[in-house]
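Notes follow once the structure below has been shown.
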Amino acid sequence: MREKWPDLAGRIEGETHVLPVRVYFEDTDCAGVVYHANFLKFCERGRSDFIRLLGIEHQGLANPDEGEPSVFVVRHIEIDYLKPGRMDDVLEIVTTCAEIGSASLVLQQDVRRDGTLIARAKVSVVLVSRAGKPQRLGAIIRGALQRFVNQARET
């Protein structure tokens with residue numbers, strides 16, 4: 001499917017991941033503005049596709065050939081809403097990795113419209129077992145994300 005729809009998961013541009021998201025009627029409130037919780041959904045899609053494009057598949061974490069099944073869970077989110085999004089806008093969810101811990105990642109996610117920052121989120125995710133126990137990030141995950149860390153700190 002990747003060949004037929006190459007940008008479905010967004011794209012890696014330098015040291016960032018960019019996911020375009022169109023705002024539909026269902027994403028807005030009665031005033032025609034993007035409902036605040038939908039920014040969290042847009043950012044979730046950005047994080048998921050960022051990880052996917054790095055070659056780390058969520059299904060592979062959940063059903064590993066070896067080791068304990070794991071999933072990324074959100075531990076903490078800070079979000080600033082700076083400008084409204086509106087129906088038919090094309091937003092870009094720009095994701096960078098700010099920190100890599102032993103079992104966690106801190107990601108910065110900017111939501112932009114035509115290059116203008118309209119929301120910024122800082123998201124902490126933790127890799128946990130199905131039982132909820134934190135799991136160390138393996139070499140594959142750490143290696144895939146390492147090049148993004150310095151970029152996030154510079155912005």
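Quick note: the coordinates plus some simple rules give every number you see, no bench work behind them. Predicted model, so just to flag it, every value in this text is computed and none were measured. Note that each Cβ is placed from the backbone with ideal geometry, even for glycine, and that neighbours are counted across all protein chains shown.
As I understand it, the value is the acute angle between the Cα axis of helix 36-53 and the longest principal axis of the Cα atoms of the chain; what does it come to in degrees, rounded to 10?
Between helix and principal axis, roughly 40 degrees.
Tell me the relative contact order for the chain as a rounded percent, counting alpha carbon contacts under 8 Å between residues six or more apart.
Dividing the mean separation by the residue count of the chain yields 25 percent.
So for the chain, taking the charge dipole from beta-carbon charges (+1 Lys/Arg, -1 Asp/Glu), which of HIS76, GLY46, SER129 sits furthest toward the positive end?
In the chain, that residue is SER129.
Calculated from DSSP H runs of 4 or more alone, at -39500 (n - 2.57) each and per residue, what is the 222 nm mean residue ellipticity of the chain, nearest 500?
-8000 deg cm²/dmol
Using only Cα atoms, tell me the angle between helix 139-154 and the longest principal axis of the chain; keep it within 0 to 90° and round to the nearest 10.
Helix 139-154 sits roughly 40 degrees off the main axis of the chain.
Could you give the length gained by full extension between ALA139 and ILE77, i.e. 0.36 nm per residue of separation minus their alpha carbon distance, to one decimal place?
19.8 nm
Under unit Cβ charges (Lys, Arg +1; Asp, Glu -1), what dipole magnitude, rounded to 20 debye, does region 11-154 have relative to its Cα centre?
It works out to roughly 300 debye.
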